[in-house]
Each structure stands twice: as structure tokens, then as C-alpha cells.
1. Evaluate segment 13-20: report whether one residue or more is at pLDDT 95 or above and either touching a Gly at 6+ places or on another chain (Cβ under 6 Å) or exposed (fewer than 12 other Cβ atoms within 10 Å of the Cβ) (or both).
2. What number of residues in segment 73-100 are without any contact (Cβ under 8 Å) to a residue 60 or more places away in the chain and aromatic (Phe, Trp, Tyr)?
3. Out of contact with any Gly (no Cβ under 6 Å at 6 or more places or on another chain), exposed (fewer than 13 other Cβ atoms within 10 Å of the Cβ) and in a helix (DSSP H, G or I): which single residue out of Thr107, Thr98, Thr121 fits that description?
4. Being closer than 22 Å to Arg95 by Cβ, part of a helix (DSSP H, G or I), out of contact with any strand residue (DSSP E or B) (no Cβ under 8 Å at 6 or more places or on another chain) and open to solvent by 60 Å² or more (accessible area, probe 1.4 Å) is the requirement here; does Thr157 meet it?
5. Looking at (1) touching a strand residue (DSSP E or B) at 6+ places or on another chain (Cβ under 7 Å); (2) surrounded by 13 or more Cβ atoms within 10 Å (Cβ to Cβ), can you tell me which one Ser127 breaks?
6. It is to be established whether one or more residues within segment 141-151 are touching a helix residue (DSSP H, G or I) at 6+ places or on another chain (Cβ under 8 Å) and not in a helix (DSSP H, G or I).
7. When the residues of segment 35-75 are filtered to those that are touching a Phe, Trp or Tyr at 6+ places or on another chain (Cβ under 8 Å) and of a type outside the set (Lys, Arg), which remaining residue is surrounded by the fewest Cβ atoms within 10 Å (Cβ to Cβ)?
8. Considering each of Leu4, Leu10 in turn, give the residue that is in contact (Cβ under 8 Å) with a residue 40 or more places away in the chain, assigned to a helix (DSSP H, G or I) and within 23 Å of Thr121 (Cα to Cα).
Amino acid sequence: MLELAILGFLYEQPLHGYELKRRVAHLTGHVRPIADGTLYPAIKRLERAGLLDRRTEPGSRAAPRHTLTLTDGGRDELLRRLREAGDLDVSDENRWFTVLAFLRHLTDPAEQAAVLRRRLTFLEEPSSFFYEGERPLGAEAFDDPFRRGVLRIARATSEAELGWLAETLAGLEG
């Protein structure tokens, strides 16, 4: 998720490390705060893989600033990761939002639709946070108002997303 966000933001424009961290934090920080000890090793990995270039510029004060730019290989890698979003990328909500944030960079509507269809397939499978054996339990199965709340909120979110997916797929495929 972090590498995808880095690639996605740099696909849009070169950024200084601090600005990149800020943008990633806005996208994912409410769920997973981004520490320097997480971000900068990910940047180094992408650099070593030839997906990013770093250019050092004089800082506005004393410290130099590093501008990160996506290479052609980095652009290709972002598009591949979007096109081939895996099971975890479409089932984990935080990863899904990261994929969704950059899906517009796939310019082929059929490729965009294929990714959305994988999410749709996942959402259409019966599931719950709570089970009785293998059977998913709905909100109605609980007297506990907090578990009912978890399930009602999840159901409302899923229904909203299913409606959005249907509308968006109709536009992409129609």
C-alpha cells in the first residue's frame, strides 16, 4: 500500500520527501500514520529498484532538499500494480482506497472496469465480522448494540459502494 501510494503520487508530479510524506499521510494516515522509519526505507527500495530518481537541491535554509521523480520503469510499475491489483488489494479496505485513489492512471476503461469487477466480486460474497461456524452473522443476530452497530455500519458502507460500483461500471462498459 505504501509503495503504491508513493508511485501514485509521484506519477502525478515530482515531490520533495516531506511533501510526499504529507500526501501519503492524508491518504492513509487516519488509519496508519506514516513514520519516517517506514516511508524512507520504502523510498530507498523503490530507488534501488530503478523506479524513482532522487535529485538533491539546495534547501531554503541549510539542509538540502531531495526531489523524487518517477522513472519510466516506475510509471510502468504503477500501472502494472493497478492493473494486477491482487486479492488483498481489493479485499482490504485501506489497500482498496489506495488502489482507487490512483486507478484513473489506467487510461483504458476496460482495465479500470476489470479492477472494479474484482472488488465487486469480493463485496458480493457473504461475509461478516462475526460467524457461527462458517455462517456469517448479520446485525439482527445480536442483542449487543455495539456489534449490531459494527455490522449495520459495514452493511451501509457496502451498499453505498455497491451502488457506486454499478454506476461506475455502467459508465465504463456502456
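1. Yes: one or more hits.
2. Total satisfying the criteria: 1.
3. Thr121
4. yes
5. If we test Ser127 against (1) touching a strand residue (DSSP E or B) at 6+ places or on another chain (Cβ under 7 Å); (2) surrounded by 13 or more Cβ atoms within 10 Å (Cβ to Cβ), just (2) comes out false.
6. yes
7. Result: Gly74.
8. Only one candidate passes the filter, namely Leu4.
The values are calculated or read from the model by the stated rules, or taken from the named source; none is laboratory data. These numbers come from a predicted model, not from an experiment. Every residue, glycine among them, receives a Cβ derived from its backbone with ideal geometry; neighbour counts consider all protein chains shown. Keep in mind that these areas ignore ligands, DNA and RNA; they rest on the heavy atoms of the full protein, side chains included. Shrake-Rupley method; radii C 1.70, N 1.55, O 1.52, S 1.80 Å.
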